[in-house]
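J.: Please find one structure pasted underneath; my questions will follow.
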Amino acid sequence: MNGIVDLHVHSAPSLLPRHANDYDTARAARQAGVSTLVLKAHEGSTAERALLAENGAVGGIVMNSTVGGANPDAVRVARLLGARVVWLPTISSQCHQSASQNQELSVHRELRFRTVPVCPNGRLDDAWNEVFEEVAAADMVLASGHVSMDETVIAFKAAQAMGVRRFLVNHPLMPFLGWRDDHVTSFVELGAYLEVGILVDLIAGAEPKPTQRLARVYPDRLLAFGSDLGHADHPTFSDGIDQWLPELIRIVGETTATRIMTISGRELLSL
């Protein structure tokens, strides 16, 4: 399959071990059929890095403590340098830190940042208002990062009220995020895309795999591909896609698989 859009890719330089640097990662992705890839770094912005990597690389910024948490200036600069995605906290999220010893987060155990609250006491922290205004003004994608599903619903609804139109829920069935099938209604109402991908299926111990579970309960048109590959302990692009894509086609059929792998990502990024 050619023209794949991968919304979740990790590369070096990084505080975590990666298969390759930005440039070589983008080239390897291209060889595996990926025409557009979104570089994600827990350490902060990949906007500048994507410009240098070329080969279809797109940048974004993760709102961890390393960029000041809920920092609208950081979003504005990343946007001016070409970033298209803003992720809520990952390593800095309370949800991630509470589950840091869980098996699915084992590759991050040596990486610790200060906590950045998103929805303490069940409501959005006011510090995020200006961030969401920046996201809305630039029509960027707001992604959930490692914030719990309950917090994601609260944050996304608040962001939508401020004019944000593009939403992506990252690996929603990672166990530590607290997915429930009743989240479907909220995310569909938001028009949020759910990320299905290689890593979450790879580390899942039980059947059915997360992709199959999501395909049963969520509209096909709102499923999008994010491999979450790049860590040195996990497969390379070519190996991961070669192993996973036939299973996706078996689950949803070739037409829907093509949409998930190509069209949904382009729609979300407005390419």
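The values are calculated or read from the model by the stated rules, or taken from the named source; none is laboratory data. In this text the structure is predicted, and so the values were computed from the model without any measurement. We place every Cβ from the backbone using ideal geometry, glycine too, and count neighbours over all the protein chains shown.
J.: Would you point out which residue out of Ala232, Ala206 is surrounded by fewer than 22 Cβ atoms within 10 Å (Cβ to Cβ), in contact with a Pro (Cβ under 6 Å, 6 or more places away or on another chain) and not acidic (Asp, Glu)? Before you say what the answer is, go through the steps one by one.
T.: Working: Ala206 fails: in contact with a Pro (Cβ under 6 Å, 6 or more places away or on another chain).
Every option except Ala232 fails the conditions.
J.: In addition: Considering the stretch 42-68 alone, what residues qualify as being closer than 25 Å to Asp126 by Cα and touching an Asp or Glu at 6+ places or on another chain (Cβ under 9 Å)? Even if it seems obvious, please write down each step before you answer.
T.: Initial filter on the stretch 42-68 (closer than 25 Å to Asp126 by Cα): 42-45, 60-68.
Listed by number, the residues that qualify are Val62, Asn64, Thr66, Val67.
J.: Residues of the stretch 37-48 being in contact with a helix residue (DSSP H, G or I) (Cβ under 8 Å, 6 or more places away or on another chain), surrounded by fewer than 21 Cβ atoms within 10 Å (Cβ to Cβ) and at negative phi, which ones?
T.: Matches in the stretch 37-48: Glu43 only.
J.: Among (1) over 18 Å from the mean Cα position of the chain (by Cα); (2) within 13 Å of Met63 (Cβ to Cβ), where does Ala138 come up short?
T.: (2)
J.: Any idea which residue in the stretch 218-253 is farthest from His108 (Cα to Cα), counting only those that are under 20 Å from the mean Cα position of the chain (by Cα) and of a type in the set (Val, Ile, Thr)?
T.: Ile241
J.: Step by step: first the residues of the stretch 114-130, then only those that are in a loop (DSSP other than H, G, I, E, B) and acidic (Asp, Glu), then the one that is farthest from Ser98 (Cα to Cα). Which residue is that? Show your work before the answer.
T.: Looking only at the stretch 114-130, we keep the residues that are in a loop (DSSP other than H, G, I, E, B), and these are 114-119, 123-127.
The next check asks that each one be acidic (Asp, Glu); those that pass are 125-126.
Details: Asp125: 19, Asp126: 23 Å.
It comes out as Asp126.
J.: Residues to consider are Glu104, Glu110, Glu151, Glu133; find the one that is farther than 26 Å from Leu52 by Cα and not in a helix (DSSP H, G or I). Step through it out loud before you land on a result.
T.: Details: Glu104 fails: not in a helix (DSSP H, G or I); Glu151 fails: not in a helix (DSSP H, G or I); Glu133 fails: not in a helix (DSSP H, G or I).
None of the others qualify; the one that does is Glu110.
J.: Within the stretch 54-105, work out how many residues are at pLDDT 95 or above and among the charged types (D, E, K, R).
T.: Of the residues in the stretch 54-105, 4 are at pLDDT 95 or above and among the charged types (D, E, K, R).
J.: Restricting to the stretch 3-47, count the residues that are touching a strand residue (DSSP E or B) at 6+ places or on another chain (Cβ under 9 Å), part of a helix (DSSP H, G or I) and not polar (S, T, N, Q).
T.: Going through the stretch 3-47 one residue at a time, the tally reaches 8.
J.: Additional query: With the checklist (1) among the small types (Gly, Ala, Ser); (2) at pLDDT below 95; (3) not in a helix (DSSP H, G or I) in hand, flag the one item Ser227 doesn't pass.
T.: Failed condition: (2).
J.: Only one residue in Ile249, Ile241 is in contact (Cβ under 8 Å) with a residue 60 or more places away in the chain and either farther than 22 Å from His96 by Cα or not in a helix (DSSP H, G or I) (or both), so which one is that? Give the steps one after another, and end with the answer.
T.: Numbers: Ile249 fails: in contact (Cβ under 8 Å) with a residue 60 or more places away in the chain.
Testing whether each residue is in contact (Cβ under 8 Å) with a residue 60 or more places away in the chain and either farther than 22 Å from His96 by Cα or not in a helix (DSSP H, G or I) (or both) leaves just Ile241.
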